[in-house]
Amino acid sequence: MTALGILWFFLIFLLIAGYFVLDGFDLGAGVLYPFIAKTEGEKSIIRRAIGPVWDGNEVWLLTAGGALFAAFAPAYATTFSGFYLAIMLVLFGLILRAVSVEFAARDRAWSKVWDVCFFVGSLLPALLLGVAVGNIYAGIPMDAAGNYNGVPLLGLVTPFTLLCGLLGLAMFCCAGASWIALKAPETSQLRDRATKMRAVLQGIALLIFVFVSLYGHFIIRPMMVPELNIVRWVCVIVFLLGMVLGLHWGRDERRDIHVFVAQSAAAVGLTFLCATSMFPNLVVASADSIGPAITVATAASSELALTWMTGIACIGVPLVLVYHIIVYRTFRGRVSEDEPQH
């Protein structure tokens with residue numbers, strides 16, 4: 001297991017954390033869309049709140065998938081082939097969401113259809129991504145060649161993976177409610193509903209986190225590297241502190257940005273808690289698996305390939321960050337009710 005292999009293990013989780021934070025509030029806003037927006041004007045505010053940024057936010061998911069393919073090809077092959085139907089549903093949801101956001105304000109005759117598509121297209125990725133992570137963490141059956149040999153799609157749904165999916169969904173919705181509260185007009189009813197729903201969702205997310213932790217510790221019982229125990233506790237503290245501070249700051253209407261930052265920090269803490277709990281496994285083998293787990297040592301690309309990837313990342317990632325800074329700075333502030341429709 002080389003230093004570059006370890007570096008790219010955690011870099012991929014960093015990319016996943018970036019997606020969790022940035023596209024997380026997009027997906028969460030879409031899931032909450034039919035429940036929190038009561039009028040066409042409020043629906044338009046939500047669409048305009050995510051309209052300028054949602055497509056750029058998805059870059060992090062594509063980059064994470066590309067990095068996994070280049071750095072750990074066997075892990076990419078097993079997960080993307082074994083979870084093929086689930087991944088296709090995620091992609092279908094992302095496409096459906098993109099189409100519905102663009103057509104909702106332009107095709108008034110089909111507005112209700114586009115509203116449903118926006119909700120479904122946001123719900124599928126938000127739920128299934130957590131289910132996929134739960135499977136990789138808990139373990140999947142593989143043959144001697146490392147191919148998934150379980151039941152397609154339905155074999156991926158267990159009580160633990162469903163809990164992981166619900167935890168991911170709850171975190172996405174917390175981020176979505178935080179973003180809506182941050183972007184909606186300050187004195188609007190939409191913002192009031194978002195702040196109330198945000199607090200409820202944060203409590204639900206904390207409760208599901210407790211269930212996932214207890215289930216994972218006492219039933220799944222993953223083999224964890226003891227040297228990372230301190231790092232894992234730091235991740236737990238970051239997650240809990242972010243959620244608790246979010247609940248506390250949520251009582252002050254002037255601190256919407258603080259709540260969103262705290263919620264984002266909690267998402268990063270949760271992502272790296274998963275990473276440090278799995279390391280050095282990329283795909284854990286279940287108890288009935290014929291093949292062994294796929295690890296950093298067994299799946300890493302050559303030193304030359306990882307070196308080139310590191311050099312490209314040193315150039316590409318800062319450029320992406322600059323792009324995000326420019327976009328978010330350009331569209332900063334609350335959405336005005338008299339802005340053009342999106």
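Confirm whether GLY311 is without any contact (Cβ under 8 Å) to a residue 40 or more places away in the chain, within 20 Å of the chain's Cα centre (by Cα) and either closer than 18 Å to PHE10 by Cα or crowded, with 20+ Cβ neighbours inside 10 Å (or both). Walk me through how you get there before you give the answer.
Values: without any contact (Cβ under 8 Å) to a residue 40 or more places away in the chain: yes; within 20 Å of the chain's Cα centre (by Cα): no; either closer than 18 Å to PHE10 by Cα or crowded, with 20+ Cβ neighbours inside 10 Å (or both): yes.
No: the conditions fail for GLY311.
For region 212-239, give me each residue that is over 19 Å from PHE10 (Cα atoms) and touching a helix residue (DSSP H, G or I) at 6+ places or on another chain (Cβ under 6 Å).
Scanning region 212-239 gives VAL212, TYR215, ILE220.
Any residue in region 20-42 that is outside any helix (DSSP H, G or I), of a type outside the set (D, E, K, R), surrounded by fewer than 20 Cβ atoms within 10 Å (Cβ to Cβ) and in contact with a helix residue (DSSP H, G or I) (Cβ under 9 Å, 6 or more places away or on another chain)?
In the first step, residues of region 20-42 are kept if they are outside any helix (DSSP H, G or I); the result is 37-39.
With of a type outside the set (D, E, K, R) added as a condition, the list becomes 37, 39.
Imposing the further condition that a residue be surrounded by fewer than 20 Cβ atoms within 10 Å (Cβ to Cβ) reduces the set to 39.
From what is left, the residues that are in contact with a helix residue (DSSP H, G or I) (Cβ under 9 Å, 6 or more places away or on another chain) are 39.
Yes - at least one qualifying residue is present in region 20-42.
Select from region 30-87 the residues that are without any contact (Cβ under 8 Å) to a residue 12 or more places away in the chain and among the hydroxyl-bearing types (Ser, Thr, Tyr) and write down the one among them that is farthest from SER100 (Cα to Cα).
Per the stated criteria, the residue is TYR76.
Just need a number here: residues in region 232-267 that are within 29 Å of PRO222 (Cβ to Cβ), aliphatic (A, V, I, L, M), in contact (Cβ under 8 Å) with a residue 24 or more places away in the chain and surrounded by 18 or more Cβ atoms within 10 Å (Cβ to Cβ).
5
Taking the stated definitions as given, is THR271 touching a residue at least 60 places away in the same chain (Cβ under 8 Å) and more than 30 Å from ALA177 (Cβ to Cβ)? Outline the logic, then answer.
Values: touching a residue at least 60 places away in the same chain (Cβ under 8 Å): yes; more than 30 Å from ALA177 (Cβ to Cβ): no.
Spelling it out, it is not the case that THR271 is touching a residue at least 60 places away in the same chain (Cβ under 8 Å) and more than 30 Å from ALA177 (Cβ to Cβ).
Please go through region 212-231 and give me each residue that is closer than 16 Å to VAL133 by Cα, assigned to a helix (DSSP H, G or I) and touching a residue at least 24 places away in the same chain (Cβ under 8 Å), ordered by number.
Residues satisfying the conditions are VAL212, TYR215, GLY216, ILE220.
Each value in this text was obtained by applying a stated rule to the coordinates, not by laboratory testing. Bear in mind the structure is a predicted one, so any value in this text is a computation, not a measurement. All Cβ positions, glycine included, derive from the backbone under ideal geometry; neighbour counts span all protein chains shown.
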